[in-house]
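Structure, as structure tokens:
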Amino acid sequence: QLIIILDFYKLFIMLQRIQTIYILLFCVVMFLAAFCPFASVVYLNDSIYFLYPTGWQSQSSLEGFNTYPFFTSYLVSISFAILMLVNYKKRSKQLRYGKICYFFVLLSVVIMFLELSNGLENLEKVNKDAVQYSYGMYLLIASLPIIFLANRAIKKDDNLVKSLDRLR
């Protein structure tokens, strides 16, 4: 029973830090973004194409579209965020993992915009003003400041510990 109490104490100490809340929020936002459409494109014959992280989807068939899943970078960033949570005692590793998360989120944004532009080139008769960005894009962009705030809080903790070590 003492071991269980100590484990709950460690969990409480970990949840007490603000960067843990930021990292958990980042995981939730990225997980939700993986299932939301990034954008929708209205074709001239009123058919609607959606760009999901899993590829293009529509009510009709998709000839000539790339349906390669793009959500691998989402999963990699979530996995590195979980590694940040697990290594809460090693701040330098947390900072490294946070930078990797930041890189993969930026990579996801670039990939999704490139795929959207490639999809628009495949649809010759598309109204260029008919592109509407959806929740997935906003969630993906919202995850950037969240992981930035987590890295900033980790760096602040690291500087505080280093200054206390100098005083000793």
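Coordinate-derived values only; no laboratory data. What you see is a predicted model; the values in this text were computed from it and never measured. Please note: Cβ atoms are built from the backbone with ideal geometry, for glycine as well, and neighbour counts cover all protein chains shown.
LEU95 to TYR43: extension gain in nm, 0.36 nm per residue of separation minus the Cα-Cα distance? Present the calculation step by step, with values, prior to reporting the outcome.
Working: separation 52, 0.36 × 52 = 18.72 nm, distance 4.42 nm.
Extra length from LEU95 to TYR43 when fully extended: 14.3 nm.
In sequence order, what are the phi-derived ³J(HN,Hα) couplings for the stretch 91-99 according to the Karplus relation 6.51 cos²θ - 1.76 cosθ + 1.60 with θ = phi - 60°, rounded to whole Hz, with x for glycine and proline?
Result, ordered by residue: 5, 5, 5, 4, 5, 4, 5, x, 5 Hz.
Which whole-Hz ³J(HN,Hα) couplings does the stretch 100-117 yield from phi under the Karplus relation 6.51 cos²θ - 1.76 cosθ + 1.60, θ = phi - 60°, glycine and proline marked x?
Per-residue couplings from phi come out as 5, 4, 4, 4, 6, 5, 4, 4, 4, 4, 5, 4, 5, 5, 5, 5, 5, 5 Hz.
Please compute the modelled spin-label separation between ARG166 and PHE113, points set 7 Å along Cα→Cβ, answer in nm with one decimal.
For the pair PHE113/ARG166, the computed spacing is 3.9 nm.
Pulled fully out, how much extra length does the chain show between TYR133 and GLN57, if you take 0.36 nm times their separation in residues and subtract their Cα-Cα distance?
So the extension gain works out to 25.9 nm.
Please turn the phi angles of the stretch 158-166 into ³J(HN,Hα) values with the Karplus equation 6.51 cos²θ - 1.76 cosθ + 1.60 (θ = phi - 60°), one per residue in order, whole Hz, x for glycine and proline.
Calculated HN-Hα couplings, in order: 5, 5, 5, 5, 5, 5, 5, 5, 5 Hz.
Kindly state, to the nearest 0.05, the FRET efficiency for PHE103 paired with PHE35, given R0 = 25 Å and r defined as their beta-carbon distance.
0.65
Whose amide H sits under 5 Å from the amide H of THR54, counting only residues 5 or more places off or on another chain, with H placed in the peptide plane?
Amide H to amide H, under 5 Å and 5 or more residues apart or across chains, THR54 pairs with PHE70.
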